[in-house]
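Okay, structure first, notes after.
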Amino acid sequence: MKYRLALNIGRYQPFHKGHEKIVREGLKIAQQVMLLIGSCFEPRSLRNPWTIDERIKMIRSCFTPEENSRLILEPLLDIRYSDTLWLTQVQKAVFDHGVLNAEETVLIGAPHPVKSGAYYTSFFPQWDSVAVNLLPIRPGTQLREHLLDNQALAHLQSDIAEGVLSQIAAFLASSEGQDLMDEFTFIKNYKKGWESAPFPPTHVTVDAVVVQSGHILLVKRGARPGKGLLALPGGFIKQEETLLNAMVRELKEETQIKVPIPALIGSIKQQMVFDDPYRSDRGRTITHAFYLELRGEESLPKIKGGKEASQCLWLPLGQLDSINMFEDHYFIIQKMLGTL
């Protein structure tokens, strides 16, 4: 065979017959096929309903034992706001399997990288690339919407293999699946309020990254979307507010932090914009985050859950975990702390 390794990077949410076609084409031209499975170690969401283990099971169910023996499945952490660290992960995954010669690796995937979201192909000019036509398979977004809208699974038999559909059916019947479908209904109804707008709206929000003595101030969301997940204090800006005033208001409303407003404003060290187009299920949402580093004291400031927060807490930075964080807040924190 021409290549030692054929590489495809995707979220496989869910794994469909287009993905299956990519793998089979890869098996024809390479000794092994590696799938790097993105959006791992994050909570379930409408864009990423299935865990890494569930997706691996879906993928393995589509292939024979011999084919599976040539199939390498690896998790890939989404490192939003740092393409360099993300592509370093990809390179390391390939190199760790002993494929050091660029001529031995080929990227294999959809023929329209930008449209398909697989823009990553431009990051690896040293590797060959092979395009696989996925038509007439519907894109993953449409498949997820069909599934989470509780429509008949039989309508997807031309897009998704039977073994994968049976796993999806079991998930949708579970409490976690039902909760995600409820989330989908909430978001669908939420977006109806914008249907009459002349163009899709872009929302503007603010978030507060408040740190003191190795702890970060977080809230536990008490309502959808993301009910039960940890998040930064923040919310939507009002028409009459500046970004700064909106941040202070949201911080006070959600945590009732016992620090005077002048002291909060004086603690601001940095302000950054986070604009990943897919950062929120609610639609295009750009957030302005403020980094506040409070002066170390003998004890952390008193806090109390307020608006839209079932509770708030000071969490040691060493206990931060992306699997429990709302939207892209984990990556916002890492970027503002300088760890990305």
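The values are calculated or read from the model by the stated rules, or taken from the named source; none is laboratory data. Please read all numbers here as calculations on a predicted model, not as lab measurements. With ligands, DNA and RNA removed, areas are computed over all heavy atoms of the protein, side chains included. Shrake-Rupley method; radii C 1.70, N 1.55, O 1.52, S 1.80 Å.
Amide H of residue 327 versus every other amide H placed in the peptide plane: which residues, excluding those fewer than 5 positions away on the same chain, fall under 5 Å?
none
Which residues' amide hydrogens lie under 5 Å from the amide hydrogen of residue 285, considering only partners 5 or more residues apart or on another chain, with H built in the peptide plane?
203, 279, 280
How big is the accessible area of residue 272 in square angstrom, nearest 10, if you roll a 1.4 angstrom probe over the protein chains?
Surface accessible to solvent at residue 272 totals approximately 50 Å².
Could you run the Karplus curve 6.51 cos²θ - 1.76 cosθ + 1.60 with θ = phi - 60° over region 151-159 and give me ³J(HN,Hα) per residue in whole Hz, x for Gly and Pro?
Residue by residue, region 151-159 yields 8, 4, 5, 4, 6, 9, 5, 7, 9 Hz.
With every protein chain left in place and a probe of 1.4 Å, what is the accessible surface of residue 53, to the nearest 10 Å²?
Rounded to the nearest 10, that gives 110 Å².
More than 12 Å apart: what percent of Cα pairs in region 25-75 qualify? Intermediate results must be reported in sequence, preceding the final value.
On the way: 846 of 1275 pairs.
Beyond 12 Å sits 66 percent of the P(r) for region 25-75.
What percent does the relative contact order of the chain come to when contacts are Cα pairs within less than 8 Å and at least six residues apart? Write out the running numbers ahead of the final one.
Working: 558 pairs, mean separation 59.8, N = 340.
Computed over the chain, the figure is 18 percent.
Using the heavy atoms of the protein chains alone and a 1.4 angstrom probe, what is the accessible area of the chain per residue in square angstrom? Please report the intermediate quantities before stating the final value.
Working: 16560 Å² over 340 residues.
I get 49 Å² per residue for this part.
Which order do you get for 186, 123 if you rank them by accessible area with a 1.4 Å probe, largest at the top?
Listed by decreasing accessible area, they come as 186, 123.
Keeping all protein chains in place and using 1.4 angstrom, which order do 250, 240 fall into by accessible surface area, from largest down? Walk me through the numbers on the way to the answer.
Numbers: 250 10, 240 145 Å².
From most exposed to least exposed: 240, 250.
Pull up all non-local amide H partners of residue 31: gap of 5 or more, or a different chain, and H-to-H distance under 5 Å with H placed in the peptide plane.
Under 5 Å from the amide H of residue 31 lie the amide H atoms of 3, 4, 5, each far enough along the sequence or on another chain.
Per the 1.4 Å probe, what fraction of the accessible area of the chain, in percent, lies on carbon and sulfur atoms? Working shown, then result.
On the way: 8700 of 16560 Å².
Carbon plus sulfur share of accessible area: 53 percent.
Rounded to the nearest 10 Å², what accessible area does residue 70 have for a 1.4 Å probe in the complete protein model?
40 Å²
Let me know the whole percent of all Cα-Cα pairs from the chain that are separated by more than 38 Å.
Working: 14003 of 57630 pairs.
Result: 24 percent of Cα pairs exceed 38 Å.
Using each residue's phi in region 84-96, evaluate 6.51 cos²θ - 1.76 cosθ + 1.60 at θ = phi - 60° and report the 3J(HN,Hα) Karplus result to the nearest Hz, with x for Gly and Pro.
Ordered by residue, 3J(HN,Hα) equals 5, 5, 5, 5, 4, 4, 5, 4, 4, 4, 5, 5, 5 Hz.
Per residue of region 249-261, what does 6.51 cos²θ - 1.76 cosθ + 1.60 with θ = phi - 60° give for ³J(HN,Hα)? Whole Hz please, x for Gly and Pro, Karplus curve as stated.
After applying 6.51 cos²θ - 1.76 cosθ + 1.60, I find 4, 4, 4, 5, 5, 8, 10, 6, 4, 8, 9, x, 4 Hz.
In straight Cα distance, which aspartates and glutamates are under 18 Å from residue 21, not counting same-chain residues fewer than 8 positions off?
66, 67, 159, 162
What pairs in 191/252; 57/191; 92/269; 238/302 have C-alpha atoms more than 30 Å from each other?
Numbers: 191/252 28 Å; 57/191 33 Å; 92/269 34 Å; 238/302 27 Å.
Cα-Cα > 30 Å for 57/191; 92/269; rest within.
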